[in-house]
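To start, the structure itself, in structure tokens.
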Amino acid sequence: MTEALLGSAIIGALKHSGVGYVLAVPDITTSDGLLWPISRDPELKLVRVCKEDEAVSIAAGLSFADRRALVLIQNTGFFDSINALRVIACEYQLPICCMIGLQGKEPEVQPEASARYGVRIVPPLLDALGMEYHLVQTPGQVAVIGPAIEAAYITPKPVALLIGRSPLP
Amino acid sequence: MMKRDQCLKILARGIGEDDIVVPVYQAAFEWMLIRPSDLNYVTTGAMGQASSHALGLALAFPGRRVLVIDGDGSLLMNLGALITCAEQNPPNLYHFLGNNGVYEANGSHPLPGAGKTDFCALARAAGFPAAHRFADLGDFEAGLPAVLQAPGPVFVDLHVKQGESYPQDYTQLHSAERRARFKQAVNLTAAARP
């Protein structure tokens, strides 16, 4: 049996990497394990946005003061924000760090192998954008979060962290 | 109806040298010549996104005033940003709208709802505590100081038409060099400034 993915571990990794802002549209994959706990966490400033491309642009503005932010969205929101990501994150090479819940992905499969069209096209779309990404669906993979965010802000460059199963609160 | 460049010249006289300004498209081309400054943030990238960049800047730099010079076509592409901004309630954010009823950067086609949409009403309904409308240069010049002295977020609907012709250099709107200069300038403290 696969060990559970814990939201608290992900939130700890975010804080450890200096993230102070979370810019979010609710995602059913990360709702209970991440967004609700983040909304109650006094160390994280949650900005609820109406649409995901707003979050990309707010993160861009914050980055000019080196304020680290996480864009926490669903794969559907990723699709909706591709134009903003295309130019602001990828062409401008700003440190836009996205955490994307893969709604409906089967817990044990890789995203590319999902039976869900809206899941399996996420990695090739990120490849097409030229945007680095990492899968986070096991407790061990939480370790990629810190170095990925650090590299995004130091380089700078965008990065996507794909949440492949619902983290437990 | 005011000529936009005349309007922008009044705005430029009314703001401080430490203020961040986020103008879009034709207003950006005009603004870069009217108020040359490394604190002009013009690389907003995607249409409609200026007000969201500005919100990020306002949160990041609470000690500076941040002014957006948006377009009505741009705002229509990101109307939810009014609600997000009002929810955050940044006291240093001023959202100016160049309201001319057309997608000027894309062939001057009319906007849906041109001449009928009440943007001040939309801003107030979104939760902006203050929204002002100006269609006369004299009124704008007289009213601007009070607008800028009030705590934000403030919305200002400017009814404008094209004025003088200004060169359109789209490379400036995506310039990496401009972003680098902005970052350096915005992080200088007043004491460190030459």
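Bear in mind that the values in this text are calculations on the coordinates, not laboratory data. Here the structure is a predicted model, which means the values were calculated and not measured. Note that each Cβ is placed from the backbone with ideal geometry, even for glycine, and that neighbours are counted across all protein chains shown.
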Seminar exercise, completed: Quick count over the range B:60-73, residues being within 12 Å of chain A (Cβ to nearest Cβ) and buried (at least 24 other Cβ atoms within 10 Å of the Cβ), is 2
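Just name the residue that is farthest from B:Asn78 (Cα to Cα) out of those in the range A:22-66 that are part of a strand (DSSP E or B) and among the charged types (D, E, K, R).
Filtering the range A:22-66 down to residues part of a strand (DSSP E or B) leaves A:22-24, A:45-48.
Checking which are among the charged types (D, E, K, R) leaves us with A:45, A:48.
On the way: A:Lys45: 22, A:Arg48: 15 Å.
Per the criteria, the residue is A:Lys45.
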Exercise. Applying the selection to the range A:50-66, what residues are of a type in the set (D, E, K, R), facing chain B (nearest Cβ under 7 Å) and either under 13 Å from B:Ala180 (Cα atoms) or crowded, with 24+ Cβ neighbours inside 10 Å (or both)?
Worked result: A:Asp53, A:Glu54
For this session: Quick one: which helices (runs of 4 or more DSSP H) lie wholly within the range B:1-91 and hold at least 3 residues that are under 19 Å from A:Tyr92 (Cβ atoms)?
Result: B:25-34, B:50-60
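For (1) free of Cβ contacts under 8 Å to residues at least 40 places away in the same chain; (2) more than 10 Å from chain B (Cβ to nearest Cβ); (3) not small (Gly, Ala, Ser), each residue gets a yes or a no:
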| site | (1), (2), (3) |
| --- | --- |
| A:Ser81 | yes, no, no |
| A:Glu91 | yes, no, yes |
| A:Gln103 | no, yes, yes |
| A:Tyr133 | yes, yes, yes |
Exercise. Among the residues of the range A:133-149 satisfying the criterion of being part of a helix (DSSP H, G or I) and of a type outside the set (A, V, I, L, M), which is surrounded by the fewest Cβ atoms within 10 Å (Cβ to Cβ)?
Worked result: A:Gly140
Problem set entry | Any chance A:Leu35 is under 22 Å from A:Glu150 (Cα atoms), crowded, with 18+ Cβ neighbours inside 10 Å and under 14 Å from the mean Cα position of the chain (by Cα) | yes
